[in-house]
Amino acid sequence: MLQCRSYDRCSTIDVRYPATWMHDLQYNDTITTVSGYLSMNILSGKHIILGVAGSIAAYKIAELARNLTLEDALVDVILTKAAEHFVGQATFQALTGRPVLTDMWALPEDGVVGHVALGIHADAVAIAPATANTLARIAAGICDDLLTTTVLATQAPILCAPAMNPQMYAAAATQKNIATLRQRGFTILEPAVGRMAEPMVGKGRLPEPDVLEGEIRALLGRRSGPLRERQVVVTAGGTREPIDPVRYVGNRSSGQMGYLLAALARDYGARVKLISGPTALTPPPAVTVIPVETTIQMRDAVLAACVDADILIMNAAVADFRPAHALVSKIKKSGESGLILELVQNPDILGELKEHHKLFKVGFAAETDDLIANAKGKLARKNLQMIVANDAVASIGQPDIQVTLINADGEITALPRQSKSQAAAAVLMAIAQRFNERAC
Ligand SMILES: Cc1cc2nc3c(=O)[nH]c(=O)nc-3n(C[C@H](O)[C@H](O)[C@H](O)COP(=O)(O)O)c2cc1C
């Protein structure tokens, strides 16, 4: 049985988009939901127009169309005439389960005149690959085919992912068209740099499908997510404190939880800065990543990012101590004697933000003993709004984790043992709830 509690700024519960993942997220038979955002999956139930223009990169969009469909989005693919030279309708039809659209003269008139209906009902329009030609025509306001007409008729946010030969991309005309579209509020992605279809390397490649999906999620989140117009800073990973040029004092943090939280905050509509210690993870798309190595670097980056921030999620495993002196030359083994390292205390990052009262601060406590008591102590000492307590011994190297949320008002919620992505979803949902209650 799923009970729902609303926590959005508006007070009604909107159950338009129940999503399958919710069945995994319930705890104690109760799931707290954000009104209008029942689904953490921002793609669920969203109507997305995928405009595919005539570039050799069009084949990549088949995977994007498939992934969006698997995430419960309704994906309508529009192929330009040139795109049909590169990819076939049958591919997209099979992957999306919906008819592929190519001709504005052959659309059903379902209450609204067909050629504008798609644009009117869309939640987001993504043109990928966007050719130089299509960018030029949109910039000029030309609407002589279904894609350009849809773009002109829509109020939905529009994303363009240019893909073309590097010289075509750098051409003054293309750059001017891109600038014009940016000025009109279009989100235009930078092409990736790499090997092109023709034997040359340059800037002009279409970003990979997972990057495009992340950008579409951000677009949808900024339109309707519970943290839209908010600035969220997330720290992740462990810091490294140099001993000498090749050795450091570190910890076992993988950074996974912080990266998941950053991606989810993006889906919720926030502008996200992810301040990350070294990890083996791929940064989430549409998130600003600020790489750091030491705790002092992380402190400086966090203080700078928090000047304008609304929420700080301090998930990084920050080293409490660092070697007093980082040596410039590698330490050599000499004789039989061991090595004594002198450690000094690192700055307390959350402690330094104690007086930043506007900032909604969330800490993490990974403890080996007296978990709840230690976490409560940290919450009070550092003036946090919420702390996520995590049994360090039970979590290390495990795919599943069990965390307990403790709020400043004393409410304690133990979440079940679950995957890191489920736990991150529940944690971010609770943060959004508490933040929006406070902001009301
Ligand atoms: C093999 C081939 C590959 C092409 N690749 C691209 C490309 O990657 N990007 C681009 O802007 N144009 C590319 N073009 C040119 C466009 O297909 C052409 O400008 C076309 O008119 C675009 O029409 P559309 O914008 O309506 O899809 C390519 C043309 C050919 C023949």
(message) Against the conditions (1) under 26 Å from Arg230 (Cβ atoms); (2) touching a helix residue (DSSP H, G or I) at 6+ places or on another chain (Cβ under 6 Å), where does His356 fall short? Just the number, please.
(response) (2)
(request) Take the residues in segment 40-87 that are within 15 Å of the ligand (Cβ to nearest atom) and of a type in the set (Gly, Ala, Ser), then tell me which one is farthest from Thr149 (Cα to Cα). (result) Ala57
(request) Please find, among Ala173, Ala197, Ala140, the residue that is closer than 19 Å to Ala57 by Cα, within 13 Å of the ligand (Cβ to nearest atom) and of a type in the set (A, V, I, L, M, F, W, C). (result) Ala197
(message) Taking the condition of being surrounded by fewer than 19 Cβ atoms within 10 Å (Cβ to Cβ), within 20 Å of Ile275 (Cα to Cα) and among the charged types (D, E, K, R), how many residues in segment 229-254 meet it?
(response) 2
(message) Looking at Leu405, Leu343, Leu371, can you tell me which residue is over 16 Å from Ala309 (Cβ atoms) and in contact (Cβ under 8 Å) with a residue 60 or more places away in the chain?
(response) Leu343
(request) Scan the strands (runs of 3 or more DSSP E) fully inside segment 378-440 and keep the ones with 1 or more residues being charged (D, E, K, R). (result) 386-391
(request) Mind listing whichever residues of segment 89-137 are away from the ligand (no atom under 16 Å from the Cβ), at pLDDT 95 or above and aliphatic (A, V, I, L, M)? (result) Ala90, Ala94, Leu95, Ala124
(message) Pairs please, first residue from segment 124-141 and without any contact (Cβ under 8 Å) to a residue 40 or more places away in the chain and assigned to a strand (DSSP E or B), second anywhere and within 9 Å of the ligand (Cβ to nearest atom) and not aliphatic (A, V, I, L, M), Cβ atoms under 6 Å, 6+ apart in sequence or on different chains.
(response) none
(request) Within segment 143-157, count every residue that is within 15 Å of the ligand (Cβ to nearest atom), outside any helix (DSSP H, G or I) and either not assigned by TED's automatic domain parsing to the domain that holds Thr187 or not charged (D, E, K, R) (or both). (result) 1
(message) Step by step: first the residues of segment 166-205, then only those that are part of a strand (DSSP E or B) and touching a Phe, Trp or Tyr at 6+ places or on another chain (Cβ under 7 Å), then the one that is nearest to Ser55 (Cα to Cα). Which residue is that?
(response) Gly204
(request) Specify which of the listed residues (Ala309, Ala304) is under 16 Å from Val232 (Cβ atoms), part of a helix (DSSP H, G or I) and modelled with pLDDT of 95 or more. (result) Ala304
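The values are calculated or read from the model by the stated rules, or taken from the named source; none is laboratory data. Predicted, not measured: the structure shown is a model, and the values here were computed from it. We place every Cβ from the backbone using ideal geometry, glycine too, and count neighbours over all the protein chains shown.
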